[in-house]
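Report on the structure given below.
The values are calculated or read from the model by the stated rules, or taken from the named source; none is laboratory data. The structure presented is a predicted model; accordingly, all values stated were derived computationally and were not measured. Here the Cβ is made from the backbone with ideal geometry for all residues, glycine too, and neighbour counts use every protein chain on show.
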């Protein structure tokens, strides 16, 4: 370091130690609270509200792009990461911190696991930062990674085109993720991580996560799980051993539909074969300090506050949407013009039993199976489009996890660019309608489906 005024730097370091100790005490208190309490409060306390934020009972919105410092010593200590700082919104911001604290607490709920969180401008930005950070070249041979093929279309494109075709980083697809041996066969000494999306979008692929997580750790690599569809209200992969969880917080976490956000929640430490102790110890903090800082995929503070507000009733909302989805799925399963319904909550679904072991509403022994389902219309793609075009209440859009019911045909929208061959590999037929059930009375959603189906 450059020369500093004697005593000044020590003062800032002591202040930082006191701040971190107080934060640790708040974290320990929060870990004793229930899921709904954490969703409402996070780590924001009455003491902080009164002493620092003029009594504001809602977390304040910090729109300033940069943090000011008292002198050169504090500036240097902050920018060399010797003391906690937010310094510049591209790196961090206090409002982002409130959201990150809440997500880390929710994802580790019911356990003693410590985790960090880094939020992003979108789920895709979060996926890119995580995977690119882990795809380190060690030695002469290029890195690779293993992923199930049943994933969101944007993720598939990022893996298959941006990484594999454009950069030569091989993604090794698993066609049957329930088969642990298929995962094993694709791992070698240059494999950096395993990647899963469960339940998957749109096919609702689900499998026993624990053996695959154990396989990843057997090879000294992390397990990365996209848990967007379930949310921490139903599934918390970190608590069963996963290292990193990714969310498109645009979806069920932000069901109002008024913005986009992504999040990475990582246990401390993660399992990895990469010889980087700082990254291993606190992966989320490492992302914030380096990759996100340099690549700039930061979340806007206003959107962080919007997402935080949407989170406050997450468990109740997921409960309602899941119950509505089950009612709709049962109607569709009995309809004479429907060829097939895919919903994990139906006992006829081949993956129902494994989903039943994992998907449980927080602070409850009751199963819930998410808001998402898919169905196929008899008569093929043309009949499917006719039904789709007749919706009057249900919105035709590529979104999901909304408070309003939304439908799309993945083969001509979210998974169009994959191409027919890759859609077949991922089991996405052209006559499939993905339905994200909202908070309307399910009788009205069913009435809209009935009129659409009966009219063709």
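Here's a check for you: in segment 146-190, which residue that is touching a helix residue (DSSP H, G or I) at 6+ places or on another chain (Cβ under 8 Å) and in a strand (DSSP E or B) is farthest from residue 210 (Cα to Cα)?
Residue satisfying both the conditions and the ranking: 170.
Being within 28 Å of residue 449 (Cα to Cα) and touching a strand residue (DSSP E or B) at 6+ places or on another chain (Cβ under 6 Å) is the filter here; which residues of segment 286-340 pass it?
325, 329, 332, 333, 338, 339, 340
Out of 91, 57, 83, which single residue is outside any helix (DSSP H, G or I) and under 26 Å from the mean Cα position of the chain (by Cα)?
91
Can you name the number of the only condition in (1) in contact with a helix residue (DSSP H, G or I) (Cβ under 9 Å, 6 or more places away or on another chain); (2) assigned to a loop (DSSP other than H, G, I, E, B) that residue 193 fails?
Among (1) in contact with a helix residue (DSSP H, G or I) (Cβ under 9 Å, 6 or more places away or on another chain); (2) assigned to a loop (DSSP other than H, G, I, E, B), residue 193 violates only (2).
Among 63, 96, which is at pLDDT 95 or above, surrounded by fewer than 15 Cβ atoms within 10 Å (Cβ to Cβ) and in contact with a helix residue (DSSP H, G or I) (Cβ under 7 Å, 6 or more places away or on another chain)? Before you say what the answer is, go through the steps one by one.
Working: 96 fails: surrounded by fewer than 15 Cβ atoms within 10 Å (Cβ to Cβ).
Result: 63 is the single residue among 63, 96 that is at pLDDT 95 or above, surrounded by fewer than 15 Cβ atoms within 10 Å (Cβ to Cβ) and in contact with a helix residue (DSSP H, G or I) (Cβ under 7 Å, 6 or more places away or on another chain).
Filter segment 70-79 for residues that are within 30 Å of residue 306 (Cα to Cα) and crowded, with 16+ Cβ neighbours inside 10 Å and give the result. Please lay out each step first, then the result.
Initially, segment 70-79 is screened for residues within 30 Å of residue 306 (Cα to Cα), giving 78-79.
Of everything in segment 70-79, just one residue is within 30 Å of residue 306 (Cα to Cα) and crowded, with 16+ Cβ neighbours inside 10 Å, namely 78.
Working only within segment 140-160, note down all residues that are touching a residue at least 12 places away in the same chain (Cβ under 8 Å) and surrounded by fewer than 17 Cβ atoms within 10 Å (Cβ to Cβ).
141, 142
Regarding segment 115-137, can at least one residue be identified that is assigned to a loop (DSSP other than H, G, I, E, B), more than 30 Å from residue 312 (Cβ to Cβ), without any contact (Cβ under 8 Å) to a residue 24 or more places away in the chain and in the same structural domain as residue 299 (by TED's automatic domain parsing)?
Yes, segment 115-137 has at least one match.
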